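Nothing in this text is a laboratory measurement; each read-out follows from the coordinates by a stated rule. Please read these numbers as outputs of a predicted model, since none were measured by experiment. With ideal geometry, Cβ positions are generated from the backbone for all residues, glycine too; neighbour counts draw on all protein chains shown.
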Amino acid sequence: MSSIFKSASAIAESLSKGESSAVEVAQEHLDRIAAVDGDVHAFLYIDTEGALAQAADIDKRRAAGERLPALAGVPLALKDVMTQQGIPTTCGSKMLEGWRPPYDSTVVTKLKANGVVILGKTNMDEFAMGSSTENSAYGPTHNPWDLTRIPGGSGGGSAASLAAFEAPLAIGTDTGGSIRQPAAVTGTVGVKPTYGAVSRYGLVAFSSSLDQAGPCARNVLDTALLHEAIAGYDPKDSTSINAPVGKMVEAAKKLDVKGMKIGIVKELSGDGYQAGVKTRFNEAIEALVSAGAEIVEVSAPNFEYALAAYYLIAPSECSSNLARFDSMRYGIRVGDNGERGAEEVMRMTRELGFGKEVKRRIILGTYALSSGYYDAYYGSAQKVRTLIKQDFDAAFAKADVLVSPTCPTTAFKIGEKADDPLAMYLNDIATIPVNMAGIGGMSLPCGLAEEDGLPVGFQIMSPAMKDELMYQVGGTLEAALLSQWGKPLLSSVPALGAK
Amino acid sequence: MAAISRDEVAHLARLARIEMTDSELDHLSDEMEVILGAVARVQEVAGAEVPPTSHPLDMKNVYRPDVVVPSLTNAQALSGAPAQEEERFKVPQILGEE
Amino acid sequence: MTLNYSETIEKYEPTLGLEVHVELNTKSKMFCGCATEFGASPNTQTCPVCLGLPGSLPAVNEKAIESSILIGLALNCSIAPFSRFARKNYFYPDMPKNFQTSQYDEPICVNGYLDVTIDTDEGPKVYRIEIERVHMEEDTGKSLHVGGATGRIHGAEYSLLDYNRAGIPLVEIVTKMIPGTDKYAPEVAKAYVSELRDILRSLGVSDVKMEQGSLRCDANVSLSPRGSGTLGTRSETKNVNSLRSVERAVRGEMIRQANLLEEGGRVIQETRHFQEETGLTRSGRSKETAEDYRYFPEPDLVPVAPAAEWIETLRASLPEKPSTLRKRIQESWGVPDKEMAAMVNADLLDTVVETVDLGADPTKARSWWLGEISRIANESDVTPQSLITPASVAEVIALIAAGELTDKLARQVVEGVIKGEGSPREVIEKRGLKVVSDDSALMAAIEAAIASQPDTAERIRGGNIPAAGALIGAVMKATGGQADAAKVRELLLKHLGQG
């Protein structure tokens, strides 16, 4: 049986038993990508040679009797926002076309140390700004459930690669929901760890105080395995948490929530949420109750300001983070005819190199930080951030974890919201508070919406540095739902690449 | 409702070093008007008594020891350069300031 | 009409403000582990962090914090219990991230002072220069302007950038406004920078080499009509790269502004550049259309909150103040004020102290370093310290004291040491430079001289003592200068019946 429909842990097991080789597994995934990625367009770059070489190395070391890490030989799709030495890193932007970084991100260093085979780089909204992957300069990614629909964003490529069985593991990054929202609309699992749990070194920054890389997979256990592989203190990231990594895998295997208090956030399930989303969410709650959890309702009155605050803080930081793309040291250069000055060449390059959404946010952020407006906009947004943290503190005093639907709706059609930024921004209404407070958040599938047959995501939020809790609750919920459904949700993804 | 003029947007584009076309400026001024109207809501609850949070983590004093680690080679440093000369990054003439 | 300096002072009162940038002498850069050595080949001391490559993150050098605190303590500042880095956003090709990581409204040290003494018509006078702040930031890269006539920025065809200097830790020391210096403004400015430099050197935190740019001064000057009580518009003169230039720049700028005002003009707030050749300043960029720097707290770094114990440990480790040290030395050596000042101005005090510590007589040591050695150093435009060690100078002085060398021979020995012929003893050996003290050998030379100039000898016999000079000269010539002239004179006069 081909490895492509197997979970990461099943692949790891067959590799360690010698039932298959890492090269075979890598080749099967590369073949799958070749067969279906024309439809899905999850990948921006496929590193065939590198992946096979990495796999061969793992096989050789295993043959030599070396004890290898749990995920050694398992393939992975890497979001194109993470640097990998010598491999093109575009961040979905024309600006970085052809740039091959001279260094590995810490996440990549850790993946390599764990023997994970990196298949290639996945598509994303330009510089991680978007909720649909339509903002990629290299064309949109299609949702494997329905190719006319968006796979979420910004990490639509990573999520789609999982749902299309092109890779069993993927890396995403989450600034306002870019791991969780794509996971929700593709029926996969995605975790945004506590801020500082995974090093940001080599993650091309969008909004430094919100960005966090995290694991994506098709089930909770695989996600936990990948979480443990990439998390941990990194002296290169001054905001990295200097504490041992929690036991995520153990938590994912507990399958027990008896006595746990689960808080439903009142403000994250009311108006504007699709009926089918609410139905599936409520069923999942019932499953948790049956598993022994106690449900409490909590209120977070300031969450309604989270979206506004987010769209000030993230653009402000991005306006500064993206200033370095000026064509002087790397990336494309436009208009250098020997006559024009550096400043004009910078302006022309940035006009052509950045897409519409990126420019919109840079201008918004530049405004919010300007003298005269700073206090009213950026300053006020920072205060809202305090209020949101206080809301979370109060809620976590009543509940061990908080839950909500991950998104208000299922996947929408490509192009549907492209011209309405505010409507697009609303996608992240339930995911943004987590980033503002720096806590952990997970999205896992809780069924298909009745009205459109598309996946619905269930969000679990855990207090900072207690990421294990979401794995414990997520693992339990997943097992309960699986026993109801009789088969994994993703087995219903339509066949791809048939033509 | 926050009002932002087209001239202000043009000024912001200059600050951000983006050469915008006239129609882009027109379009963006309209969008900015709407977006600013929406985000200005933060002011409703941002009272003077609320302290700002600039960072999710309450950390301080994170330092690295003063130890030299190997640098990139000159070739690696220049590997992404659009133009180079004499082991340096070659850039268009720098005008106006120094 | 044109006002000269004294006319300027009659009509106007100056107010000064001085900003000194100091490159710290840490081994590695402010935010990365790249070396900081001066003069390395271009772009060989760079990494993803100091090149501002996408994805890289800063990590603060602890030693830079320590040095900054030491500087603050030595300048009588309070050390802030909480300070932060901010981003100063503006585009410039020599700044890799297009923002400078700097401290803004939360500097590490505030409210200090430094007393400097200058000679006035009424004798020495102490001026207290108040320090507003000491803050940390990072240096920029260096640009080389190619094409055009002058190699300067104007008229260049393109520029070449070297980022070795980018990210080297800088400390900026900013004074409050300095009123009341009147005609002594240039001297006060120079004395301040000089005193500051001595303090920084005594702390061992910087190389303080103005010529290499490790200490740079910006001088703010404004004039107000005498007695008006108003404050004039200030200009900021950059590029002041020697102590002498500090004095010249302030004087020149005062005269320029006075003449401008005299002609009914208006001083504009601008950056000006000091030109060594002319001693004048040239207009740079106008600050009236000031960039909006959009400062905000650097989200990639966490606050600096030094523990009180650390600060006290550093306070206890402060070296003796240069001014106190100087006073102590002056008293114990009995050096007149003027000579003390000469030694300090020539930057030779430490060297003379070292020579004296090796057993040399203070007066002799001073005269060797300030005399012969400085003369040779001036000829070849190098520092005296680079020519010869205090140990060699002390040895030469000891040999003179022991009567083994005459002053004249000693000069030859010093010359030999400078030429690299070895230690003083080796030079004496190689060149055969021993004092000729053997009377019989001298007598032979004296007799030969008398024989060759019988008329002169006759005059001496007749009581014309001054005529002895000619014969002594001949003897000295014959002995290659190795004779003790006093001894020759004594033997000669005795031989001719005049002793």
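Below are the figures for this structure:
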quantity	calculated
Evaluated over chain B, the Cα radius of gyration and Dmax, each in Å	22.4, 57
For the protein assembly as shown, projected area of the alpha-carbon convex hull averaged over all directions, nm²	56.3 nm²
Cleavage-rule hits, trypsin sites (Lys or Arg not before Pro), the range C:405-496, DSSP coil, Cβ neighbours within 10 Å at most 14	C:LYS419, C:LYS434
Over the range C:5-314, volume per residue of the alpha carbon convex hull, in Å³	147 Å³
Between the range B:1-80 and the range A:217-277, the Cα center-to-center distance that results, in Å	29 Å
Calculated FRET value between C:ARG315 and C:ARG282, using beta carbons and R₀ = 41 Å, to 0.05	0.45
Alpha carbon convex hull of the range A:414-490, volume per residue in cubic angstrom	105 Å³
Distance cut-off 31 Å, percentage of C-alpha pairs in chain A lying past it	39 percent
Relative contact order, percent, chain A [alpha-carbon distance under 8 Å, six or more residues apart]	18 percent
Descending Cα extents along the principal axes, the range C:439-495, whole Å	28, 20, 17
Nitroxide proxy distance, nm - points 7 Å out along Cα→Cβ at A:LEU68 and B:VAL69	2.8 nm
Part-to-part distance (alpha-carbon centres) for the range C:327-403 and the range C:8-80, which is given in Å	32 Å
Extension gain, A:SER299 back to A:ASP393 (0.36 nm per residue minus Cα-Cα distance, nm)	32.7 nm
Dimensionless Rg over Rh [the range C:122-223; C-alpha; Kirkwood]	1.07
Qualifying lysines (Cα of each under 16 Å from Cα of C:LYS487; at least 8 residues distant if same chain)	C:LYS408, C:LYS434, C:LYS477
Shielding by partners - mean other protein chain Cβ count within 10 Å, residues of B:24-30	2
The range C:320-431 pair-distance distribution - Cα-Cα, 5 Å bins, rounded %	2, 12, 23, 24, 19, 11, 6, 3, 0
In sequence order, calculated HN-Hα J values of the range A:102-116 (Karplus, 6.51, -1.76, 1.60; Hz; x Gly/Pro)	x, 8, 8, 5, 4, 4, 5, 4, 5, 4, 4, 5, 8, x, 6
Rounded FRET efficiency, nearest 0.05, which uses the C-beta distance separating C:THR230 from C:SER380 and R0 of 56 Å	0.65
C:LEU215 long-range amide H proximity, modeled H, under 5 Å	C:GLU23, C:LYS209, C:MET210
Isolated Cys residues of the protein assembly as shown, judged by Cβ distance under 4.7 Å to other cysteines	A:CYS91, A:CYS216, A:CYS318, A:CYS407, A:CYS446, C:CYS32, C:CYS34, C:CYS47, C:CYS50, C:CYS217
For residues of C:178-191, the mean tally of beta carbons on other chains within 10 Å	0
Pairwise FRET efficiency - A:LYS413 versus A:GLU97, Cβ, R0 = 45 Å, nearest 0.05	0.95
Folded to 0 to 90 degrees: helix B:22-39 orientation relative to chain B principal axis, Cα	70 degrees
Inter-label distance, nm, simple model (7 Å from Cα along the C-beta direction), A:LEU422/A:ASP271	1.4 nm
Reachable aspartates and glutamates, given that their alpha-carbon falls under 14 Å from the alpha-carbon of A:LYS466 and they are not under 8 places away in the same chain	A:GLU228, A:GLU250, A:ASP393, A:ASP400
A:GLN84 long-range amide H proximity, modeled H, under 5 Å	A:SER105
For the range B:1-46, alpha-carbon Rg relative to the globular expectation (2.2 N^0.38 Å, N residues)	1.26
Furthest towards positive pole of dipole, A:SER93, A:VAL249, B:SER54, structure part the protein assembly as shown, Cβ charges	A:VAL249
For the protein assembly as shown, size of Cβ-based charge dipole, Lys and Arg +1, Asp and Glu -1, in debye	1320 debye
More than 15 Å apart - percent of Cα-Cα pairs taken over the range C:185-248	56 percent
Taking all pairs of distinct alpha-carbon atoms in the range A:1-156, Kirkwood radius in angstrom	16.0 Å
In order through the range A:9-22: 3J(HN,Hα) via Karplus (6.51 cos²θ - 1.76 cosθ + 1.60), integer Hz, x for Gly, Pro	5, 5, 4, 4, 5, 5, 5, 5, 7, x, 6, 8, 10, 4
Those aspartates and glutamates that a straight Cα-Cα span of less than 16 Å connects to C:LYS97, excepting residues fewer than 8 apart in one chain	A:GLU317, A:ASP326, A:GLU343, C:GLU137, C:GLU138, C:ASP139, C:ASP162, C:GLU298, C:ASP300
Percentage of interatomic Cα-Cα distances in the range A:80-141 larger than 17 Å	40 percent
Charge dipole (the protein assembly as shown, unit charges on Cβ, about Cα centre) - positive-most of C:GLY371, A:ALA411, A:THR148	C:GLY371
Label zone at C:GLU262 (point 7 Å along Cα-to-Cβ), backbone N below 19 Å, the range C:1-35	C:1-15
The range C:347-400: GluC sites (Glu not before Pro) in DSSP loop, at most 11 other beta carbons within 10 Å	none
Given C:LYS238/C:LYS327; A:LYS413/A:LYS487; C:LYS29/C:LYS209; A:LYS389/C:LYS88; A:LYS192/A:LYS258, the pairs whose alpha carbons are separated by over 22 Å	C:LYS238/C:LYS327; A:LYS413/A:LYS487; A:LYS389/C:LYS88; A:LYS192/A:LYS258
Helical segments meeting 24 Å axial Cα length and Kyte-Doolittle -0.5 threshold in chain C (DSSP H)	C:185-203, C:243-262
Spacing of the two label points (7 Å from each Cα toward its C-beta) at C:ALA40 and A:LYS356, in nm	4.6 nm
Amide H contacts of A:GLY447 (H built 1.01 Å from N, under 5 Å, at least 5 apart or other chain)	A:VAL456
Centroid-to-centroid separation of the range C:433-458 and the range A:140-198 [C-alpha atoms, Å]	105 Å
